[in-house]
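The values are calculated or read from the model by the stated rules, or taken from the named source; none is laboratory data. Here the structure is a predicted model, which is why all the values come from computation and not from measurement. Note: ideal-geometry Cβ built from the backbone for every residue, glycine included; neighbour counts use all protein chains shown.
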Amino acid sequence: MAHPDGVVCRRDGAVGHITLDRPASRNALDLTMIRRMLDALARWEHDTGIGAVAIDSSDERTFCAGGDIVAVHEAARGDPEHARLLWREEYRLDARIAHYPKPVVTLMDGLALGGGMGIGCHASVRVVGDRAALAMPEVAIGLAPDVAGTLLLSRAPGRIGTHLALTGRRVGPHDAVYCGLADHVVPSSSLPSLVADLVAGATPDAVAAKYAVEPRFTMPTQRVWVDACYDAADVKTIMRNLARRTEPEAADALDTIASGAPTALAVTRRALEIAPTHTGIDQCLRQDYRVCSRFLRHPDLAEGIRAAVIDKDRTPRWNPADPTTVTDTDVERFFKPLDDDLVL
């Protein structure tokens, strides 16, 4: 039976062990889960008997499918402060993991989407199992990638990060290492042994390397068309570039981008351009809070979640629907400081 709080936090030997346990919702992060994790990290920080923290999932199919977008949908239609509170706490957790003074080992096996990458990919030792599939699919619901996802994707080789952000494409365990989203590929069958070694006091980097297999990359073969198409100043030019290519993957990318929310696509492209100038995760999360807060006031977010999760008709009606009508001024409004800017 799943834990009523959606997460189990306990001490296992030398390890503070956090297990996401909300399988019915694919471990979507709600406020209770986030706060339980923050409380556990605070307790363990000064516990001299704990040398590392491990974060995994009870569900072999899903590490974490993101934030609780049903709650976000309700907030977008009514009280936006509920979603903003969720994001503030979630971003605190992401930053806490990134800055934690002890090694944090994340064991991502199964889906790690959106907020799942937030808690999984900012850790000091990031392990992916055979079943791992990572993605930032926010543009499909009328939102831009958050949880400092643009910071992660901006560090991927060439223009791969832009491709992943604008299409929401999932990457498997080996290409996750290539993109810099993970450090080690470990067979799913070896993950329990890895955790057991950590509990016994083994060094996280050493034990991860012990069970890791040599990554087999596939994405480098796509770099020719990806780098050529996505090295562009705006989404409209990217789409024109993709339309000229003969690769089937480029045609698929064009179809996916064309179905995304035009405003979200333009804001995402701009966020990726800004991301390399950030001094670190805190600055990027502050920007994400500004952007997401403003999407709560934009009609596309509620509409995108409705079409994807509520009614599941997969036919969102974006406003505006034409990418050519989204101006630079429209985009820049999303990045302006808020009266209650996020402070981490």
Original post:
For residues in the stretch 1-36 being under 17 Å from ALA123 (Cα atoms) and touching a Leu at 6+ places or on another chain (Cβ under 6 Å), which is surrounded by the fewest Cβ atoms within 10 Å (Cβ to Cβ)?
Top reply: ILE34
Original post:
ALA308 is checked against (1) in contact with a helix residue (DSSP H, G or I) (Cβ under 6 Å, 6 or more places away or on another chain); (2) at pLDDT 95 or above and fails just one. What number does that condition carry?
Top reply: (2)
Original post:
In the stretch 283-302, is there at least one residue being closer than 27 Å to PRO157 by Cβ and free of Cβ contacts under 8 Å to residues at least 40 places away in the same chain?
Top reply: yes
Original post:
Within the stretch 38-65, how many residues are in a loop (DSSP other than H, G, I, E, B) and touching a residue at least 60 places away in the same chain (Cβ under 8 Å)?
Top reply: 3
**OP:** Please specify each residue of the stretch 236-251 satisfying the condition of being free of Cβ contacts under 8 Å to residues at least 40 places away in the same chain, part of a helix (DSSP H, G or I) and not β-branched (Val, Ile, Thr).
**Re:** ARG240, ASN241, LEU242, ALA243, ARG244, PRO248, GLU249, ALA250, ALA251
Original post:
From the residues in the stretch 287-344 that are assigned to a helix (DSSP H, G or I) and of a type in the set (Val, Ile, Thr), which one is surrounded by the fewest Cβ atoms within 10 Å (Cβ to Cβ)?
Top reply: THR329
Subject >> Residue count, the stretch 73-123 (criterion: assigned to a loop (DSSP other than H, G, I, E, B), in contact with a Pro (Cβ under 9 Å, 6 or more places away or on another chain) and buried (at least 22 other Cβ atoms within 10 Å of the Cβ)) >> reply: 3
**OP:** Could you check ALA40 against (1) crowded, with 24+ Cβ neighbours inside 10 Å; (2) more than 21 Å from LEU296 (Cα to Cα); (3) in contact with a strand residue (DSSP E or B) (Cβ under 8 Å, 6 or more places away or on another chain) and say which number it fails?
**Re:** (1)
Subject >> 1 or more residues touching a helix residue (DSSP H, G or I) at 6+ places or on another chain (Cβ under 9 Å) and over 19 Å from LEU134 (Cα atoms): qualifying helices (runs of 4 or more DSSP H) within the stretch 154-235 >> reply: 191-199, 204-211, 223-230
**OP:** Have a look at ALA75, ALA14, ALA42 and point out the one that is among the small types (Gly, Ala, Ser) and modelled with pLDDT of 95 or more.
**Re:** ALA42
**OP:** Filter the stretch 98-113 for residues that are within 17 Å of LEU181 (Cα to Cα) and of a type in the set (Ser, Thr, Tyr) and give the result.
**Re:** THR106
Original post:
Residues in the stretch 185-193: is at least one farther than 30 Å from GLY51 by Cβ and surrounded by 22 or more Cβ atoms within 10 Å (Cβ to Cβ)?
Top reply: no
Original post:
What residue, of ASP255, ASP231, is among the acidic types (Asp, Glu) and without any contact (Cβ under 8 Å) to a residue 12 or more places away in the chain?
Top reply: ASP255
